[in-house]
Number of protein chains: 2
Amino acid sequence: MVDIATRVWNHKWKIDPIVRSLIDTDFYKLLMCQSVFRNHPDTQVTFSLINRSKSIRLADLIDEGELREQLDHIRSLSLTRGESTWLRGNTFYGKRQMFTPAFMEWFENLRLPPYHLEKHDGQYELTFEGNWPEVMLWEIPALAVLMELRGRAALRDMGRFELQVLYARAMTKLWEKVEKLRPIDNLRLADFGTRRRHSFLWQDWCVQAMTEGLGERFAGTSNCLIAKNRDMEAIGTNAHELPMVYAALADSDAALRQAPYDVLADWHEEHEGNLRIILPDTYGTKGFLDGAPDWLAGWTGIRIDSGDPATGAENAINWWKSRGEDPREKLVIFSDGLDVDKIIELQKQFAGRVRVSFGWGTMLTNDFKGLTQNEALVPFSLVCKAVSAEGRPTVKLSDNPNKAMGPEDEIARYKRVFGVGEQVGMEVVV
Amino acid sequence: MVDIATRVWNHKWKIDPIVRSLIDTDFYKLLMCQSVFRNHPDTQVTFSLINRSKSIRLADLIDEGELREQLDHIRSLSLTRGESTWLRGNTFYGKRQMFTPAFMEWFENLRLPPYHLEKHDGQYELTFEGNWPEVMLWEIPALAVLMELRGRAALRDMGRFELQVLYARAMTKLWEKVEKLRPIDNLRLADFGTRRRHSFLWQDWCVQAMTEGLGERFAGTSNCLIAKNRDMEAIGTNAHELPMVYAALADSDAALRQAPYDVLADWHEEHEGNLRIILPDTYGTKGFLDGAPDWLAGWTGIRIDSGDPATGAENAINWWKSRGEDPREKLVIFSDGLDVDKIIELQKQFAGRVRVSFGWGTMLTNDFKGLTQNEALVPFSLVCKAVSAEGRPTVKLSDNPNKAMGPEDEIARYKRVFGVGEQVGMEVVV
């Protein structure tokens with residue numbers, strides 16, 4: 001077993017790059033990448049890092065040289081033979097050859113494109129421009145690098161045993177969550193914590209601990225490298241990135257209104273079963289479901305990623321009923337701001353009424369709150385998003401106005417087009 | 001850094017012998033051994049294991065084959081060249097050549113003598129007979145083997161991550177003690193926890209963590225192997241074994257009454273300074289101090305190892321005053337049943353009035369209480385004592401009647417000879 005504290009202490013990770021593989025990324029990124037590679041290979045997209053927690057002044061905490069070193073290392077990575085074999089030969093969601101030979105050939109030759117890095121007002125401005133299928137693969141490693149460098153900065157001056165006790169406390173904290181979750185019948189949860197993890201080694205530890213502690217209640221991880229190394233299921237479907245770029249490419253309000261359904265129409269052609277999961281909140285869940293074509297009601301489930309999760313699940317249940325579907329055969333995946341108490345509460349409320357699943361992120365892989373004296377590891381909200389496509393800004397509304405993104409006038413236009421009324425704001429912690 | 005949990009999990013310690021060196025023992029054992037080697041090399045003594053916690057049925061918990069294997073391994077040990085060099089060349093208590101060439105030559109050729117092992121009523125009867133200087137060296141390794149085998153039995157069925165979380169919790173618990181002790185000015189404490197440690201690796205971890213966490217407040221360890229490996233002070237002076245055997249050898253009541261002073265007269269010839277520490281409680285502290293010759297009042301300090309520690313320290317202060325000594329120049333070493341709150345309380349009560357020091361044992365190196373669900377690692381009271389010398393039973397009274405040892409009629413005789421009246425019983429936890 002890896003002694004995380006010692007690896008942290010030894011030269012402060014100099015021997016451990018933060019991202020050590022192109023598949024040290026979320027599975028849904030690869031699924032979406034294949035879809036984009038097929039449908040929009042030449043679309044020019046810009047991704048940009050956005051720190052929603054302005055009080056965490058990343059450019060003051062993290063040395064620019066170290067950041068460049070880590071990003072340059074990522075640019076040097078290419079798919080290894082073993083990784084390629086795993087992607088080509090493994091069964092994902094019960095399906096062989098999930099990734100086509102054409103996609104795999106492209107992926108095997110891929111190096112990530114250049115990045116642009118500047119400092120501004122205590123923050124890093126980190127952007128990636130280029131062909132959508134290439135640029136999109138920066139999102140997860142860029143986030144993981146920033147998160148982990150911030151953690152390293154916070155731990156730099158700690159003693160060797162102080163560090164080991166820090167990790168001891170974090171392990172104890174996670175295990176207490178495991179012990180709370182173990183008695184819950186029919187629980188099904190997966191690790192969605194790659195992007196805002198404390199570190200790769202820590203995520204890997206968390207995943208293994210969950211495997212031992214929760215057995216079949218733990219369904220797998222979104223992280224492809226860990227899934228491969230630990231012989232687990234790789235979990236994930238699709239994300240806001242698809243409707244955001246499709247929407248930005250729309251040439252009229254009518255096309256804009258249609259864009260989120262176009263995304264899922266493409267997806268419908270490519271995937272079936274448990275990969276047919278609706279992410280309805282990009283421009284407001286209510287309008288999306290009201291206007292959805294009937295074939296979408298036949299999809300397997302809905303992922304609830306913003307707004308009040310219980311309300312979201314109730315709305316989904318009512319929507320399925322209104323379309324003549326039996327909610328007990330449908331899957332609701334909760335993935336927003338989860339921690340153990342919320343998981344237990346939602347499981348109790350919805351188990352039996354729908355199939356329930358949880359994608360547990362930051363509070364699984366980066367819950368160091370209360371473990372350092374100065375709270376230098378307190379969670380914060382960092383994202384890396386597609387901010388423009390073919391020169392047009394993207395917009396995200398979601399069911400929480402505090403998560404809205406994009407230029408103000410475009411947000412107003414999208415709200416009008418998608419008929420989004422009053423929204424309830426909820427604090428965004430991570 | 002050693003990953004203790006993984007070493008525990010890997011084949012359940014098959015690769016790690018419990019005692020890995022003849023100097024994996026308390027420093028005072030070696031000091032006493034040299035004194036015995038000089039003064040009583042041929043005295044025939046029997047040491048015997050005594051489990052004062054009858055409810056812990058060691059013979060039911062520990063496999064006899066495993067126990068024999070560990071004891072046999074100890075019999076295979078001899079001093080390595082590096083260990084010999086360290087003992088010959090190192091400075092102990094500011095003195096070079098603490099160990100004489102004659103003693104070192106004997107020690108370099110030593111193998112521990114045979115043991116006798118039987119099972120009786122759920123307990124092991126483990127005895128060692130032979131020349132005092134040889135037999136006495138079994139005490140610490142025998143205790144360490146029984147303690148650690150009992151721990152292994154308790155952990156045998158735990159999962160790999162469950163074990164790591166157990167050690168994470170133990171690390172956190174120890175570190176909380178460190179954080180409580182760190183603000184205490186002029187604190188001075190040492191590890192006395194070899195005999196009832198959870199394991200060698202764990203003691204080694206605790207010592208290093210205390211070193212980092214407490215700095216100069218942590219004076220060293222009684223364990224010679226750890227002191228050598230970690231470049232620390234080896235700490236310790238003498239123990240009840242000396243007066244108990246001297247007393248058993250006494251041919252009359254008058255000689256018996258004199259025996260505890262004879263021990264210290266021999267010691268006075270051999271040692272000076274901080275090694276001149278009186279252990280006054282073997283047959284009652286009050287009578288011992290009242291009857292002590294004046295040269296003993298000139299010694300550096302007193303170790304308080306039974307009875308109420310604050311009362312013992314007050315009595316020592318009053319005794320020094322009555323002999324015209326300045327208590328502020330004297331050292332009081334507390335070594336009985338200490339944990340962090342008691343250490344802080346005693347430090348506050350006596351700092352400035354005497355020089356204060358702590359020999360912290362079981363609750364430093366084996367505090368796993370509350371860390372396993374079935375309390376399989378709860379502390380218990382195991383000792384290994386000289387029970388007879390030249391065929392005569394030994395007796396210990398101490399300042400706590402619950403710690404008394406020996407045949408009833410002999411206890412009565414000793415109480416009469418030493419004028420021990422009513423004593424206050426205190427619970428013996430470890």
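So which residues in the range A:315-357 are of a type in the set (Asp, Glu) and surrounded by 15 or more Cβ atoms within 10 Å (Cβ to Cβ), if there are any at all?
Hits for the range A:315-357 are A:Glu325, A:Asp336, A:Asp339.
Of everything in the range A:344-382 that's hydrophobic (A, V, I, L, M, F, W, C) and in a loop (DSSP other than H, G, I, E, B), which residue is farthest from A:Lys403 (Cα to Cα)?
Among residues in the range A:344-382 that are hydrophobic (A, V, I, L, M, F, W, C) and in a loop (DSSP other than H, G, I, E, B), the one farthest from A:Lys403 (Cα to Cα) is A:Leu371.
Which of the numbered conditions does B:Gln258 fail, given that it passes all the others? Conditions: (1) out of contact with any strand residue (DSSP E or B) (no Cβ under 8 Å at 6 or more places or on another chain); (2) crowded, with 18+ Cβ neighbours inside 10 Å.
Among (1) out of contact with any strand residue (DSSP E or B) (no Cβ under 8 Å at 6 or more places or on another chain); (2) crowded, with 18+ Cβ neighbours inside 10 Å, B:Gln258 violates only (2).
Conditions tested, residue by residue: (1) more than 22 Å from the chain's Cα centre (by Cα); (2) aliphatic (A, V, I, L, M); (3) surrounded by 24 or more Cβ atoms within 10 Å (Cβ to Cβ).
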| position | (1), (2), (3) |
| --- | --- |
| A:Ala144 | no, yes, yes |
| A:Arg150 | no, no, no |
| A:Thr172 | yes, no, no |
| A:Lys180 | yes, no, no |
| A:Asp185 | yes, no, no |
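Here is a check on your reading of the model: is A:Arg20 away from every other protein chain (no Cβ under 14 Å), under 27 Å from A:Gly159 (Cβ atoms) and basic (Lys, Arg)?
When the stated conditions are applied, A:Arg20 passes them.
Do we find a residue being assigned to a helix (DSSP H, G or I) and either under 30 Å from B:Asn374 (Cβ atoms) or touching a residue at least 40 places away in the same chain (Cβ under 8 Å) (or both) anywhere in the range B:84-100?
Checked against the condition, which is being assigned to a helix (DSSP H, G or I) and either under 30 Å from B:Asn374 (Cβ atoms) or touching a residue at least 40 places away in the same chain (Cβ under 8 Å) (or both), the range B:84-100 yields at least one hit.
Name the residue, out of A:Ala219, A:Ala239, that is more than 14 Å from chain B (Cβ to nearest Cβ), under 27 Å from A:Val263 (Cα atoms), aliphatic (A, V, I, L, M) and not in a loop (DSSP other than H, G, I, E, B).
A:Ala219
Return the residues of the range B:390-430 that are among the β-branched types (Val, Ile, Thr) and in contact (Cβ under 8 Å) with a residue 24 or more places away in the chain; say none if nothing qualifies.
B:Thr394, B:Val395, B:Val417, B:Val420, B:Val424, B:Val428, B:Val429, B:Val430
Within the range A:360-378, can one find any residue that is touching a residue at least 24 places away in the same chain (Cβ under 8 Å), farther than 23 Å from A:Gly236 by Cβ and touching a His at 6+ places or on another chain (Cβ under 7 Å)?
Yes, some residue in the range A:360-378 is touching a residue at least 24 places away in the same chain (Cβ under 8 Å), farther than 23 Å from A:Gly236 by Cβ and touching a His at 6+ places or on another chain (Cβ under 7 Å).
Taking the range A:122-156 as the search range and keeping residues that are charged (D, E, K, R) and assigned to a helix (DSSP H, G or I), which one is farthest from the other protein chains (Cβ to nearest Cβ)?
Step by step, filter the range A:122-156, then rank; the result is A:Glu134.
Kindly provide the set of residues from the range B:202-216 that are farther than 21 Å from B:Lys369 by Cβ and either among the hydrophobic types (A, V, I, L, M, F, W, C) or assigned to a strand (DSSP E or B) (or both), ordered by number.
The answer is B:Leu214, and nothing else.
Restricting to the range B:157-201, name every residue that is away from chain A (no Cβ under 13 Å) and in a helix (DSSP H, G or I).
B:Lys180, B:Leu181, B:Phe200
Table: residues versus (1) closer than 30 Å to B:Thr6 by Cβ; (2) free of Cβ contacts under 8 Å to residues at least 40 places away in the same chain; (3) within 21 Å of the chain's Cα centre (by Cα); (4) surrounded by fewer than 18 Cβ atoms within 10 Å (Cβ to Cβ).
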| site | (1), (2), (3), (4) |
| --- | --- |
| B:His73 | yes, no, no, yes |
| B:Pro114 | no, yes, no, yes |
| B:Gln123 | no, no, no, yes |
| B:Asp157 | yes, yes, no, yes |
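Counting only residues that are within 15 Å of A:Gln34 (Cα to Cα), in contact with a helix residue (DSSP H, G or I) (Cβ under 8 Å, 6 or more places away or on another chain) and either free of Cβ contacts under 8 Å to residues at least 60 places away in the same chain or part of a helix (DSSP H, G or I) (or both), how many does the range A:255-274 have?
6
Check B:Val2, B:Val8 and return the single one that is within 14 Å of chain A (Cβ to nearest Cβ) and outside any helix (DSSP H, G or I).
B:Val2
For (1) at pLDDT 95 or above; (2) within 30 Å of A:Lys396 (Cα to Cα), each residue gets a yes or a no:
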site	(1), (2)
A:Cys33	yes, yes
A:Thr46	yes, yes
A:Leu58	yes, yes
A:Thr80	yes, no
A:Leu87	yes, no
A:Asn109	yes, no
A:Asp121	no, yes
A:Glu125	yes, yes
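Scan the range A:275-313 for residues that are of a type in the set (D, E, K, R) and either within 16 Å of the chain's Cα centre (by Cα) or outside any loop (DSSP other than H, G, I, E, B) (or both) and jot them down.
If the condition is that a residue be of a type in the set (D, E, K, R) and either within 16 Å of the chain's Cα centre (by Cα) or outside any loop (DSSP other than H, G, I, E, B) (or both), then A:Asp281, A:Lys286, A:Asp290, A:Asp294, A:Arg303, A:Asp305 are the ones that fit.
Determine, yes or no, whether A:Val395 is buried (at least 20 other Cβ atoms within 10 Å of the Cβ) and of a type in the set (Val, Ile, Thr).
yes
If B:Leu79 satisfies all but one of (1) within 21 Å of B:Met98 (Cβ to Cβ); (2) touching a helix residue (DSSP H, G or I) at 6+ places or on another chain (Cβ under 7 Å); (3) in contact (Cβ under 8 Å) with a residue 60 or more places away in the chain, what's the number of the condition it fails?
(3)
The values are calculated or read from the model by the stated rules, or taken from the named source; none is laboratory data. What you see is a predicted model; the values in this text were computed from it and never measured. Here Cβ is always computed from backbone atoms with ideal geometry, including for glycine, and neighbour counts include all displayed protein chains.
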